[in-house]
Structures are given as C-alpha cells and as structure tokens.
Amino acid sequence: MKLSALQQSVVNYWPVLLIRGIVSFIFGILALIWPGHTLLFLVYLFGAYALVNGIMTVVGSLRDREASSHWWLPLISGIAGVILGLLVFFWPARSAPVLFTFIGIWAIVIGLFEFIAAITLPGGLGLHWPLVLGGILAIIVGAIFIRHPFLAMLAVVWLLGAFAIVYGIVLCIRAFQYRSHARALPS
C-alpha cells in the first residue's frame, strides 16, 4: 500500500522532532544552570543582530539617496546600529544592563503610545481596552527593567530556560506520537 504524503512526512519527521525537543530541553536546563553564560550569548546575539541590521540599513539608505530626500535618516539609524553592535561585542558585561535599560525605555514609550492611541482613536475606551491594558503593562514592565536591570536580565534568562524545557518536552511527546502513528501505518 502506498503511503500518502502526510503519512510519509510523519514517518520521516518524528526523529527530527525528537532531536529538536532534546536540544530545546538541554538548552533550557543549561540556561537555568548557567544564566550568566546564557545572558552573555543573548547579548552577543543581539550585538550581531544590531551590527548586521545596521550595515544593511546603511547600504539601503545609500542606495536610496537618489530616490528619497530623507535617505540620511536611515543612514543615521544604520550607523547607530553598527556602533551599538560593536559596543556590545567589545563591552558585553557593560552592554547587558544598558541594553535592558533601553528595552525598559522602549517598553515605556510603546506603552505610552498605545495608551494615547486608545484615548484618541474613535470608538471610545470601551472598544480599545486591549490597547489600554497593553500600554499599562508595557509601562510597568519598562519601569521594572529600568529600575532593576539585573533582576530583569535574570528573569528573562529563567523564563527562556523554563520555556525551552517545556517546549522541548512538548516536542518530544509529539515526536513519540508521530512514531506511534508511523508504526501503525501499513508497511
């Protein structure tokens, strides 16, 4: 009997799913055991993102200088990204609390804009209560990040570790479900 494409996918995919689950679980355990190393990795990952994003923004702005009179705005943004990325790589220990403080400032700004949008959008606050709630929550989280950046960093790493453990377990369970389904299929 010929297997359908979906059945063949189940037969072939369960080992990959199991490996993904095991790797996620191990990453979660390591994040909880070594939160400092995990945080350092995340800081470097952010630095790499900021550097690459900044370079791409600079390149894009230079390409657009003929098409837009405001090409210099993304250029400045891109240069700032490159500088930020380099600072993170050269001073990761100092970058982490500053980074979390900036995340806190960003969250407060986003929260304020959501709150203002909820007040100014037509339809009244009854319609836009999710924006009010999201805005207030973002402001609270931002204030916590600014006031306690080291606790915020540790909390993020712990949340990431706990998530990775639970997600890894879920993936492993799903892999075994796939394996059971694959074994039930006719050869």
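Structure notes:
- Screening Ala162 against (1) surrounded by 14 or more Cβ atoms within 10 Å (Cβ to Cβ); (2) touching a residue at least 24 places away in the same chain (Cβ under 8 Å) leaves a single unmet condition, (1).
- Residue among Trp71, Trp91, Trp129 that alone is without any contact (Cβ under 8 Å) to a residue 40 or more places away in the chain, surrounded by fewer than 15 Cβ atoms within 10 Å (Cβ to Cβ) and over 30 Å from Ile29 (Cα atoms): Trp129
- Within region 41-54, if we keep just the residues that are among the small types (Gly, Ala, Ser) and buried (at least 16 other Cβ atoms within 10 Å of the Cβ), the residue that is farthest from the chain's Cα centre (by Cα) turns out to be Gly54.
Listed here are the residues, each with its yes/no results for (1) within 14 Å of Ile169 (Cα to Cα); (2) of a type in the set (D, E, K, R); (3) modelled with pLDDT of 80 or more; (4) surrounded by 13 or more Cβ atoms within 10 Å (Cβ to Cβ).
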{"site": "Leu3", "(1), (2), (3), (4)": "no, no, no, yes"}
{"site": "Gln7", "(1), (2), (3), (4)": "no, no, no, yes"}
{"site": "Tyr13", "(1), (2), (3), (4)": "no, no, no, yes"}
{"site": "Leu17", "(1), (2), (3), (4)": "yes, no, yes, yes"}
{"site": "Phe27", "(1), (2), (3), (4)": "yes, no, yes, yes"}
{"site": "Leu30", "(1), (2), (3), (4)": "no, no, yes, yes"}
{"site": "Leu39", "(1), (2), (3), (4)": "no, no, yes, yes"}
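- Subset tally (residues that are in contact with a Ser or Thr (Cβ under 7 Å, 6 or more places away or on another chain) and among the β-branched types (Val, Ile, Thr)) for region 144-172: 2
- Qualifying positions in region 109-125 - of a type outside the set (Gly, Ala, Ser), surrounded by fewer than 19 Cβ atoms within 10 Å (Cβ to Cβ) and either closer than 21 Å to Leu151 by Cβ or touching a Gly at 6+ places or on another chain (Cβ under 9 Å) (or both): Val109, Ile110, Leu112, Phe113, Ile116
The values are calculated or read from the model by the stated rules, or taken from the named source; none is laboratory data. Treat the numbers as computed from the prediction; the structure is a model and nothing was measured. Reconstructed Cβ throughout: ideal geometry from the backbone, glycine too, with neighbour counts over all protein chains shown.
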